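Below is one structure; the comments refer to it alone.
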Amino acid sequence: MKSFLTFLVAMGIIVTPGDAYCFTKINKPGESDKGCILQGKLYPFGEIARTESCFSCSCSRDAMRCCSLFHTPIGFDEENCKVIFNKRRCDYDLVQKSDLSKACDVYSRVG
């Protein structure tokens with residue numbers, strides 16, 4: 001049983017990073033002379049490890065491709081728990097509605 005649980009935890013660690021929400025923003029002609037614009041902010045060409053809105057992006061003259069650094073919790077007690085986005089960590093905290101200092105269990109997340 002222990003080896004099965006170890007396997008499940010390992011698979012969760014391996015699978016999770018590949019489950020991010022991603023999008024591509026095509027640049028308009030002449031728009032990308034100095035970099036890419038995302039939510040009003042100009043980012044330089046190349047790889048961007050973390051934007052202000054918690055995305056990891058790649059900026060080229062053609063497009064900006066981004067994937068989220070966070071995963072949204074979906075499997076939790078919605079009646080007693082509240083989801084709060086922590087912008088400093090680029091992740092969601094799941095806390096009890098009655099006591100925001102106490103964490104709730106999360107059973108699944110989506111990108």
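The values are calculated or read from the model by the stated rules, or taken from the named source; none is laboratory data. No experiment lies behind these values; they were computed from the predicted model shown. We place every Cβ from the backbone using ideal geometry, glycine too, and count neighbours over all the protein chains shown. Note: areas computed on protein heavy atoms with side chains; ligands, DNA, RNA excluded. Shrake-Rupley method; radii C 1.70, N 1.55, O 1.52, S 1.80 Å.
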Legend entry - Qualifying positions in the stretch 96-111 - in a loop (DSSP other than H, G, I, E, B) and among the hydrophobic types (A, V, I, L, M, F, W, C): LEU100, CYS104, VAL106
Inset, instruction - Report yes if some residue within the stretch 15-32 is open to solvent by 80 Å² or more (accessible area, probe 1.4 Å), modelled with pLDDT of 90 or more, out of contact with any Phe, Trp or Tyr (no Cβ under 8 Å at 6 or more places or on another chain) and in a loop (DSSP other than H, G, I, E, B); otherwise report no. - result: no
Inset, instruction - Collect the residues in the stretch 33-59 that are modelled with pLDDT of 85 or more and surrounded by fewer than 11 Cβ atoms within 10 Å (Cβ to Cβ), keeping them in residue-number order. - result: LYS34, GLN39, GLY40, PRO44, GLU47, ALA49
Inset, instruction - Out of the residues in the stretch 79-111 that are in contact with a Cys (Cβ under 8 Å, 6 or more places away or on another chain) and open to solvent by 100 Å² or more (accessible area, probe 1.4 Å), state the one that is modelled with the lowest pLDDT. - result: LYS87
